[in-house]
1. Going through segment 38-87 one residue at a time, which ones are of a type in the set (Val, Ile, Thr), in a loop (DSSP other than H, G, I, E, B) and open to solvent by less than 60 Å² (accessible area, probe 1.4 Å)?
2. Filter segment 283-301 down to the residues that are part of a strand (DSSP E or B), surrounded by fewer than 20 Cβ atoms within 10 Å (Cβ to Cβ) and not hydroxyl-bearing (Ser, Thr, Tyr) and list them by number.
3. May I ask you to list the residues in segment 16-37 that are open to solvent by 10 Å² or more (accessible area, probe 1.4 Å) and within 15 Å of ligand 2 (Cβ to nearest atom)?
4. Can you pull out the residues in segment 304-335 that are open to solvent by less than 80 Å² (accessible area, probe 1.4 Å), touching a residue at least 60 places away in the same chain (Cβ under 8 Å) and either under 24 Å from ASP197 (Cβ atoms) or not hydrophobic (A, V, I, L, M, F, W, C) (or both)?
5. Quick check on LYS180: is it more than 22 Å from HIS242 (Cβ to Cβ) and more than 16 Å from ligand 2 (Cβ to nearest atom)?
6. When GLY109 is evaluated against the numbered criteria (1) buried (at least 16 other Cβ atoms within 10 Å of the Cβ); (2) within 19 Å of GLU151 (Cβ to Cβ), which criterion, by number, is the only one it fails?
7. Pull up segment 6-15, narrow it to residues that are assigned to a loop (DSSP other than H, G, I, E, B) and surrounded by 17 or more Cβ atoms within 10 Å (Cβ to Cβ), then point me to the one that is farthest from ligand 1 (Cβ to nearest atom).
8. Checking MET90 against (1) farther than 20 Å from VAL256 by Cα; (2) open to solvent by less than 50 Å² (accessible area, probe 1.4 Å); (3) at pLDDT 95 or above; (4) away from ligand 2 (no atom under 16 Å from the Cβ): exactly one of these is not met. Which one?
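The values are calculated or read from the model by the stated rules, or taken from the named source; none is laboratory data. Please read all numbers here as calculations on a predicted model, not as lab measurements. Positions of Cβ are generated from backbone atoms using ideal geometry, with glycine treated the same way; all protein chains shown enter the neighbour counts. Surface areas here come from the heavy atoms of the whole protein model, side chains and all, with no ligands, DNA or RNA. Shrake-Rupley method; radii C 1.70, N 1.55, O 1.52, S 1.80 Å.
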Amino acid sequence: MQLNAPLDMHLHLRDGEMLENIAKSSAHTFSGAIIMPNLVPPVSTKDEVIAYKKRIIKAIGHEKFTPYMTLFFKPSYDKAFLESVRDEIMAIKLYPAGITTNSEGGVSGFDVEELRPALSAMSDLNIPLCVHGETNGFVMDREAEFVSIYEKLASAFPKLKIIMEHITTKESVAALEKHKNLYATITIHHLLITLDDVAGGMLQPHLFCKPIAKRPEDREALLQVALQAHPKVMFGSDSAPHPKHAKEACGCAAGVFTAPIALQLLAELFEKHNALDKLQAFISTNAQHIYKLTPLAKKVTLEKKPFKVPAEYNGVVSMYAGEEIAYSIKEITYG
Ligand code: DOR
Ligand code: ZN
């Protein structure tokens, strides 16, 4: 089977040595990706976006791949600043303060009036807002509790495109239908696992992420919209590499690394559910419409041939490391 211009609409590429080590695993098979800004310090100025993009381009070497850059949302962004940075970014990512890796400088309180100047300016300039939607409540309820904040923002800024990132609950799926300007990304791991896979037996640190995988009925709701390629959902891997020692540790870092196997796993999943004909929309076409982008031409051919996932990719352990998955990448062509 062939995929045209696969897009990863939520990706962590990191910086420094990690960037050098893992960038190619996305750049090889994807046509482009939305790059998350949660570096230390977060990407929050025009110069930082431009410099980070340059480092990414260097790290991907000869691969053909478009990094779509983002800024780390701050309520202090004003219209003049956003106008000046508009052409360098595809979106702005909002993190609640302290909710996940490197999000300490995020937003607290979600007071619409405090956020109004920045969000109105983004709305006027057609800059989408990507949101990590979790409160600081009980871990299993954080995303469902955040839905009322999504709804408040969606109503207060009806022209602002709001992307609910890496949704994991049936409540977020329901919110998609209620507000015209709410969209969502879905990861491959949240389509495959529940909390049982993370903590039901021996603890699986390589499946631990934020938001944590939820209940079977939540995964079912995600599958429903992904497998029909609902036009408001798109693939975003949230592939988030951490060094092996940071995952296999007391105090395990949150993040599942899926970049090198994401397309193969999606092919296997969509085939299992007789939905292979919907994968193109989920992996690229929907995102092109939502973000109004034209991706770099790249065709990825997958074949149903077992692939043994390596134990490590440059010191990073991926999902299903050491296991066999059903699909392999056969060929990548351009143009
Ligand atoms: O599990 C996660 N890891 N969730 C996030 O939101 C951030 C990410 C990371 O940067 O490691
Ligand atoms: Zn993320």
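1. VAL43, THR45 - these are the residues of segment 38-87 that are of a type in the set (Val, Ile, Thr), in a loop (DSSP other than H, G, I, E, B) and open to solvent by less than 60 Å² (accessible area, probe 1.4 Å).
2. LYS299, the sole residue that qualifies.
3. The one that is open to solvent by 10 Å² or more (accessible area, probe 1.4 Å) and within 15 Å of ligand 2 (Cβ to nearest atom): MET18.
4. Of everything in segment 304-335, those that are open to solvent by less than 80 Å² (accessible area, probe 1.4 Å), touching a residue at least 60 places away in the same chain (Cβ under 8 Å) and either under 24 Å from ASP197 (Cβ atoms) or not hydrophobic (A, V, I, L, M, F, W, C) (or both) turn out to be TYR313, GLY315, VAL316, VAL317, SER318, MET319, ALA321, ILE325, ALA326, TYR327, SER328.
5. Details: more than 22 Å from HIS242 (Cβ to Cβ): yes; more than 16 Å from ligand 2 (Cβ to nearest atom): yes.
Taking the combined requirement at face value, the residue satisfies it.
6. Condition (1) is where GLY109 drops out.
7. Residues of segment 6-15 that are assigned to a loop (DSSP other than H, G, I, E, B), as a first pass: 6, 12-15.
Next, from what is left, pick out any that are surrounded by 17 or more Cβ atoms within 10 Å (Cβ to Cβ): 6, 12-14.
Details: PRO6: 21, HIS12: 5, LEU13: 10, ARG14: 8 Å.
Checking each candidate, the answer is PRO6.
8. (4)
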